[in-house]
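Worksheet: the structure to be examined is printed underneath.
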């Protein structure tokens, strides 16, 4: 029998997760004057998802890290 380990980054994101991450993205975009449909917002959204999958679950930490990225 094959044994595989499941990593947090392999788990699906649910609608509650996505709603939460979208709020973080919206806040950072608004703070920085970034259009929500821009490439910069797309990269920022990918970063926020990556951080969340790596275990950063607190909104305040996600906001701080996303703001520091810019």
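Only the coordinates and a few stated rules stand behind these numbers; no lab work does. All values reported here derive from a predicted model rather than from experimental measurement. Heads up, the Cβs are rebuilt from the backbone with ideal geometry, glycines too, and the neighbour counts pull from every protein chain shown.
So the values come out like this:
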quantity: On Cα atoms only, tilt of 39-53 relative to the major axis of the chain in degrees; calculated: 40 degrees
quantity: Computed label-point distance, nm, for sites residue 43 and residue 5 using a 7 Å Cα→Cβ extension; calculated: 3.2 nm
quantity: Order of 24, 56 under a 10 Å beta carbon neighbour criterion, fewest first; calculated: 56, 24
quantity: The chain: angle of helix 59-69 to the longest principal axis, Cα-based, in degrees nearest 10; calculated: 70 degrees
quantity: Relative contact order of the chain, defined on C-alpha pairs under 8 angstrom at six or more residues apart (%); calculated: 35 percent
quantity: Convex hull (Cα only) mean projected area of the range 12-69, reported in nm² to one decimal; calculated: 3.6 nm²
